[in-house]
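Down below is the structure, laid out as structure tokens.
The values are calculated or read from the model by the stated rules, or taken from the named source; none is laboratory data. Since the model is a prediction, treat every value here as computed from it, not as a measurement. All Cβ positions, even for glycine, are placed from backbone atoms using ideal geometry, and neighbour counts span all protein chains on display.
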Amino acid sequence: MTSTIVYVPKSEEVQARIAPGSGIVCAETDKPYRMLYFEGNIYNAVNIRTFADKVLIAAGREAENYPTVAKYLVDPAEVEEVGTFDGHSITVTNEDALREWIGDFDPSELETS
């Protein structure tokens with residue numbers, strides 16, 4: 001898996017369409033828009049334990065172009081990059097924005113379970 005960018009919403013419109021605390025990803029692109037894939041674990045699946053687990057599921061949907069309603073086309077100005085995901089862990093580049101989206105977190109949240 002190539003490095004995937006992890007995002008959080010900036011606009012109220014995106015925040016309203018994606019469950020709070022969701023893992024949100026988009027592969028690097030030079031396109032003028034972002035096709036976000038996300039996972040919010042709204043049904044409390046027991047195998048989704050960490051924020052990185054949510055990101056892993058979202059990244060898998062994107063990589064496989066999996067048919068899902070958990071995707072959303074946005075203007076890049078509506079989201080903020082907070083890190084990258086290598087398939088196992090998240091390297092955070094904007095901790096403040098990530099904390100605003102998911103709250104205080106333990107570093108273990110950045111690793112898949």
Return yes when ILE48 is among the aliphatic types (A, V, I, L, M) and out of contact with any Cys (no Cβ under 9 Å at 6 or more places or on another chain) and no when it is not. yes
Filter the range 9-24 down to the residues that are of a type in the set (Val, Ile, Thr) and in contact with a helix residue (DSSP H, G or I) (Cβ under 7 Å, 6 or more places away or on another chain), then identify the one that is surrounded by the fewest Cβ atoms within 10 Å (Cβ to Cβ). VAL14
Hits in the range 40-62 (condition: under 15 Å from THR112 (Cβ atoms) and either more than 14 Å from the chain's Cα centre (by Cα) or at pLDDT below 95 (or both)): ALA45, VAL46, ASN47, ARG49
Given the conditions (1) without any contact (Cβ under 8 Å) to a residue 60 or more places away in the chain; (2) closer than 18 Å to SER3 by Cα, report the number of the one that ASN41 does not fulfil. (2)
Filter the range 65-113 for residues that are small (Gly, Ala, Ser) and surrounded by 13 or more Cβ atoms within 10 Å (Cβ to Cβ); the one that is farthest from VAL25 (Cα to Cα) is ALA97
Being surrounded by 14 or more Cβ atoms within 10 Å (Cβ to Cβ), under 15 Å from TYR7 (Cβ atoms) and touching a helix residue (DSSP H, G or I) at 6+ places or on another chain (Cβ under 8 Å) narrows it down to one residue among ALA59, ALA27; which is it? ALA27
Could you tell me whether VAL6 is touching a residue at least 40 places away in the same chain (Cβ under 8 Å), over 18 Å from SER113 (Cβ atoms), buried (at least 18 other Cβ atoms within 10 Å of the Cβ) and in contact with a Ser or Thr (Cβ under 9 Å, 6 or more places away or on another chain)? no
Identity of the residue in the range 63-103, of a type in the set (A, V, I, L, M) and more than 14 Å from the chain's Cα centre (by Cα), that ends up farthest from TYR33 (Cα to Cα): VAL69
I'd like to verify a number: residues in the range 30-55 that are surrounded by 24 or more Cβ atoms within 10 Å (Cβ to Cβ) and touching a Gly at 6+ places or on another chain (Cβ under 7 Å), how many? 5
